[in-house]
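Before any comments, here is the structure.
No lab work stands behind these numbers, since they all come straight from the coordinates. A quick note: this is a predicted structure, and the numbers were derived from the prediction, not measured. Here the Cβ positions follow ideal geometry from the backbone for every residue, glycine too, while neighbour counts run over all protein chains shown.
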Amino acid sequence: MEKIVPAWYYQQFDADYNLEFPGEGYGGWKKADLPINPERTAVILMHAWDTGTMEEFPGWYRAVEYIPRAVEICDNLLPGFLQKLRKSGIKLIHAASPNQNLDKYPGYSKTLQICGPDKFHYEHIEVDETLEKLRKFHADNAVVGSRNREDVRRGQAKLDFYPTARPLDHEEIVKTSEQLFKLCKYYGINHLIYTGFAINMCLVASPCGCVDMIRHGIICSAIRDLVTAVENKETCRYQLNKEYGLCYLSVLSGYVYDLPDIEKYLL
């Protein structure tokens, strides 16, 4: 049975060519009461990682400035939300990193039983000397920096879910877009509501991200309070990349929900 939930959408029209900057004529953010079918909707919690402490992995924290914001969300907002979500009966799916070891989680075995072995892989282009030089320069000078590389490597070698975000035994875990789509087909899911980190990077472009799901015809939305973004020097003060990421998702496919509205009207 449908439920009506207030949702934000971005009105990407009409440009006003009488203005100096025509885009300033767009309607911008608006809110409407829109339907959600709980039986065909799933919440996806993506890349909610245990990144250790700054003392353990200082280089990881230097290269990924959003970690403290993600920790704050996981500590203060996620536990109450997950408790209500699990009581509601709406499906929760966990998206792990492709390099994450999931042997100890029954939910990943459940995914493999439903989806079968995941055989998808990207064929890589031949590497020449110039490509190697470009990649090395990028790794040393853009992301994540030569002084931080070892800390990031050590941290990701023991990658696991954040304590408050750990899947229950019956909750499926996915690593790839193929697995996520097969689960959506199996359960009849056509609307994914994303939470996790980060709204302008992994939630968009990583395996299980919304771009791949949109290509399968699935609407992808997000909960504003339960995401953060990769910010840069020019945007971090006001978290402008988060605002852009939410706008991008809304224009691309779905809607942006406020956590109080989700908890009041849906769960």
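Summary of values
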read-out: For Val204, Val251, order by how many other beta-carbon atoms lie within 10 Å, fewest first; value: Val251, Val204
read-out: Mean separation of Cα contacts under 8 Å (6+ apart) over length of the stretch 115-267, as relative contact order %; value: 18
read-out: Length released on extending from Asp75 to Lys30, taking residue separation times 0.36 nm less the Cα-Cα span; value: 13.2 nm
read-out: Rel. contact order, % - alpha carbon contacts under 8 angstrom, at least six apart, the chain; value: 28
read-out: Amide hydrogen neighbours beyond the local backbone of Val227, cut-off 5 Å, H modeled; value: Gly196
read-out: Residues whose placed amide H lies under 5 Å from that of Ile193, excluding near-sequence neighbours; value: Ala42, Val43, Ile44, Ser221
read-out: Cα lying deepest toward the dipole's positive end in the stretch 110-267, options Tyr255, Leu131, Ser177, charges on Cβ; value: Leu131
read-out: Where labels lie 7 Å past Cα in the beta-carbon direction, separation of Phe21 and Val211 in nm; value: 2.5
read-out: Whole-Hz couplings from phi, Karplus 6.51/-1.76/1.60, listed for the stretch 76-93; x for Gly and Pro; value: 10, 10, 5, x, x, 5, 5, 4, 5, 4, 5, 6, 6, x, 5, 5, 10, 10
read-out: Computed helical MRE - 222 nm, the chain, DSSP H runs ≥ 4 contributing -39500 (n - 2.57), nearest 500; value: -10500 deg cm²/dmol
read-out: Relative contact order of the stretch 91-205, pairs being alpha-carbon contacts under 8 Å that are 6 or more residues apart, as %; value: 49
read-out: DSSP-defined antiparallel bridges as percent of all bridges, the stretch 1-149, nearest 5; value: 65
read-out: Cβ-based exposure ranking for Glu65, Glu132, Glu126, in which fewest neighbours within 10 Å come first; value: Glu126, Glu132, Glu65
read-out: Fewest-first sequence of Phe21, Phe57 by Cβ atoms within 10 Å of each Cβ; value: Phe21, Phe57
read-out: Note, ³J(HN,Hα) from phi for the stretch 232-242, Karplus 6.51, -1.76, 1.60, rounded to Hz, x at Gly and Pro; value: 10, 4, 7, 10, 5, 4, 10, 6, 5, 5, 5
read-out: By average C-beta atoms within 10 angstrom, highest first, the peptides 2-10, 156-164; value: 2-10, 156-164
read-out: Fraction of antiparallel bridges per DSSP, the chain only, in percent to nearest 5; value: 35
